[in-house]
Each structure stands twice: as structure tokens, then as C-alpha cells.
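Q: This is the structure, below, for whatever I ask next.
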Amino acid sequence: MQFIGCDVSKTTLDLAWYNVQRGCWGTALKVHNNRAGWQDLMKWAKHHCQVEQSEICVVMEATGVYHLPTADHLSRVGFKVVVCNPGRSADYARSQNQLNKNDSLDARSLQRYGSRLEKIHWFQPYTPEISQLKSLLSLLDQLDKDVLRWQNRLEKITFQYPGSSASGGVKRQLRDLCTEQDRTQQAIDELIQGHEELRRNQQLMCTIKGVGSKTSQYLLPLLHGGRFESARQLAAFLGLTPCHKSSGTSLRSPGQLSGRGDANLRAKLYMPALSAAHKNPELKVFYETLLARGKTPKQAITAVMRKLVHLCYGVVKNQTPYIENYASLS
């Protein structure tokens with residue numbers, strides 16, 4: 001496998017390749033981050049690596065949204081792509097005493113980092129329906145925030161300036177945002193109902209008490225296409241697994257959440273977990289057992305959130321509705 005480091009920015013891609021046979025770096029390349037640049041990248045990679053596309057791995061960092069079109073295109077034409085955590089690649093660069101920082105050095109660091117990975121997770125491009133769903137969910141999140149922001153403005157204006165004409169403009173803006181919010185949610189529902197697998201997976205998740213259509217629609221992109229090998233991987237991706245730190249006899253830190261993953265999605269799981277802890281018989285027992293063992297309510301609810309994610313993963317993977325107290329029945 002030939003590894004190429006790719007430092008991504010909004011407009012450009014910096015590429016680095018190490019010639020193992022000669023023991024030196026090959027000629028670097030800087031291209032535009034667009035279709036023409038991707039073609040130049042592929043020609044340059046084939047010319048230098050002298051192997052099939054499937055034997056070339058392009059290593060890049062997750063940089064917001066700017067890496068996605070490049071990673072998606074390269075994956076679809078046959079290249080291997082690794083999208084790594086920027087924090088981990090930066091830690092690797094520091095471990096190699098790399099003090100300077102620029103685009104070409106970052107590309108070299110990414111090449112070295114990728115070539116030394118023991119376990120590689122290949123980038124998987126989203127299907128068209130998942131890409132559409134993710135874009136609609138992102139828009140809905142922004143609209144939710146905007147609606148809340150304008151509701152707060154309306155409350156402040158009507159309290160501070162009673163009878164002010166300014167409140168009329170705020171109300172009109174809020175009404176338009178609510179209308180667009182409803183349209184976006186309707187588009188999401190129509191997309192899910194129009195796709196058999198998405199509809200089936202949402203129905204399966206909704207068999208779990210505490211999980212409704214709102215929560216399940218945000219989990220669908222993660223559970224579609226077998227992107228995770230286990231429920232534990234999914235929970236870790238969402239930052240719901242505890243991290244323990246111990247060393248010798250002096251360091252005994254209690255387990256804490258890693259804080260990584262999608263904080264917005266974790267927040268959306270809180271209320272479903274709170275509901276499940278009181279209405280789902282199995283999770284209610286689980287929650288109360290944790291409290292009896294000395295866990296705080298917040299710690300117990302976090303554990304219920306993780307349990308919900310495990311259950312959602314299980315019903316989708318097995319394509320079987322949720323069965324209460326399944327362990328006691330088997």
C-alpha cells in the first residue's frame with residue numbers, strides 16, 4: 001500500500017509521497033480543491049506510486065466540510081481514503097518533534113502517520129439518500145437554533161419595550177423561521193418514508209420506549225450501511241464511553257466521558273434517556289440499580305443514553321423489533 005499525505009484547505013490540497021525505494025520524499029504537489037484538482041491529484045499519484053488505484057491510500061484530516069468532497073470523489077473512483085482525527089495527527093507530529101508548521105510539512109506528517117497506523121478504518125462515502133438526509137438534518141438544527149434565538153429576542157423586546165413596533169418585525173421573522181422549520185421536517189419525513197431501508201430502521205428504533213421519530217432520524221445516518229462493527233464502537237464515536245486513568249498507586253481517576261464525538265447529538269439523546277429511565281421497564285431497573293450503587297443521577301442518565309444507543313444498534317443490525325427483558329426470555 002502506497003500512502004499519500006493530503007493537507008486540505010478550502011481552496012487547495014497539498015500532497016506528499018515518500019519514495020521507500022529511494023529513501024526520500026517525492027516531488028510535492030499543490031492542487032485546487034475542486035474537480036480539476038482531483039484529476040491532477042490522481043494523475044500525480046498514479047505516476048509516482050506506479051500501482052493500481054486500490055493500492056493507493058490518501059490520508060487527510062477531518063476539516064469541517066472541506067475534506068468531504070475530495071474524500072468522497074477519491075473513494076468512488078477506487079482510491080483508499082483515511083480521514084483521521086486532527087487531534088491525533090497533531091499529537092503524532094509533536095511526538096516526532098515537528099516544531100514548524102505549514103501545509104507541505106503537514107502533508108508529510110499525515111503521510112507518516114497514515115503509514116504507521118496499525119488498524120485502518122477506510123472512509124466510506126455516504127449514499128445519496130444519506131447525504132440528502134444529513135443536509136436536511138443540518139438545516140433543521142440551524143433552524144432550531146434560529147427559532148430559539150428569535151423567541152428570546154421577542155421575549156426581551158416585549159418585556160423591555162411593551163407595545164413597541166419592533167416586536168412586529170421579530171414576530172414576522174419568527175413566523176417565517178417556524179414555517180421553514182416545518183417544511184424541513186416534512187422533507188425529512190418524506191425522505192425517510194420514501195426509502196424502504198430508512199423507513200424500516202426508523203420503525204425498528206421506535207419500538208424502543210424512549211426513542212421516537214425525532215431521535216431516530218438523527219441516528220439513521222450512523223446506523224445506515226453498517227458503518228460500525230459493534231454497538232460499543234458507535235457509543236465511543238458519540239463520546240458516551242467512560243475513559244479511566246490509573247497509574248501506580250497515586251493516580252486513580254474515576255471514569256469520565258471522553259468529551260469527543262458529536263456533542264449536539266449527545267444532547268439530543270438526553271431527554272429520550274430521561275424518558276426511558278421512567279417509562280421503559282428494563283431501563284428503569286437499570287437506572288435505579290445504578291443509583292443504588294452510588295452513581296449520581298447524571299451519571300446514571302448518561303449510562304442510560306449509552307444503553308439506548310446499544311439497543312438502537314441492536315434492533316437495526318438484527319432487523320428485529322425491541323423485546324423487553326430479552327435476556328430473561330432466552
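The values are calculated or read from the model by the stated rules, or taken from the named source; none is laboratory data. Computed from a prediction, not measured in an experiment: that's the story for all the values here. Quick reminder, even Gly has a Cβ in these numbers, built from the backbone with ideal geometry, and neighbours come from all protein chains shown.
Q: Tell me which of these Ile192 doesn't satisfy, since it passes every other one: (1) under 19 Å from the mean Cα position of the chain (by Cα); (2) of a type outside the set (Asp, Glu); (3) under 23 Å from Ala276 (Cβ atoms).
A: Failed condition: (1).
Q: I would also like to ask the following. So Lys156 passes all but one of these: (1) within 30 Å of Val8 (Cβ to Cβ); (2) free of Cβ contacts under 8 Å to residues at least 40 places away in the same chain; (3) more than 27 Å from the chain's Cα centre (by Cα). Which condition number does it fail?
A: Result: Lys156 fails condition (1) only.
Q: Which one of the conditions (1) at pLDDT 90 or above; (2) within 19 Å of Glu129 (Cβ to Cβ) does Cys178 fail to meet, given that it meets all the rest?
A: Looking at each condition in turn, Cys178 falls short on (2).
Q: Let me ask something additional. Tell me, yes or no, whether the range 100-107 has at least one residue that is over 18 Å from Ala71 (Cβ atoms), touching a residue at least 24 places away in the same chain (Cβ under 8 Å) and assigned by TED's automatic domain parsing to the domain that holds His73.
A: The answer is yes; a qualifying residue exists.
Q: If we scan the range 100-118, do we find a residue that is modelled with pLDDT under 90, more than 23 Å from Leu15 (Cα to Cα) and surrounded by 13 or more Cβ atoms within 10 Å (Cβ to Cβ)?
A: The answer is no; no qualifying residue exists.
Q: May I ask you to list the residues in the range 136-175 that are among the small types (Gly, Ala, Ser) and out of contact with any Ser or Thr (no Cβ under 7 Å at 6 or more places or on another chain)?
A: Ser138, Gly163, Ser164, Ser165, Ala166, Gly168, Gly169
Q: If I ask for residues that are surrounded by fewer than 12 Cβ atoms within 10 Å (Cβ to Cβ) and under 22 Å from Ser54 (Cβ atoms), which ones from the range 75-99 would you list?
A: Passing the criteria: Arg76, Val77.
Q: Another question about this same structure. Would you please name the residue that is modelled with the lowest pLDDT, looking only at residues in the range 32-69 that are under 21 Å from Tyr18 (Cα atoms) and within 26 Å of the chain's Cα centre (by Cα)?
A: Across the range 32-69, the extreme among qualifying residues is Ser54.
So that you can scan it fast, the table gives a plain yes or no per residue for (1) surrounded by fewer than 15 Cβ atoms within 10 Å (Cβ to Cβ); (2) farther than 14 Å from Lys214 by Cα; (3) in the same structural domain as Gly225 (by TED's automatic domain parsing); (4) hydrophobic (A, V, I, L, M, F, W, C):
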site: Gln132; (1), (2), (3), (4): no, yes, no, no
site: Leu137; (1), (2), (3), (4): no, no, no, yes
site: Leu143; (1), (2), (3), (4): no, yes, no, yes
site: Val147; (1), (2), (3), (4): no, yes, no, yes
site: Leu154; (1), (2), (3), (4): no, yes, no, yes
site: Pro162; (1), (2), (3), (4): yes, yes, no, no
site: Gly169; (1), (2), (3), (4): yes, yes, no, no
site: Cys178; (1), (2), (3), (4): no, yes, no, yes
site: Gln181; (1), (2), (3), (4): no, no, no, no
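Q: Would you kindly identify the strands (runs of 3 or more DSSP E) lying entirely within the range 1-112 that contain at least 1 residues that are among the basic types (Lys, Arg)?
A: Result: 29-32, 80-84.
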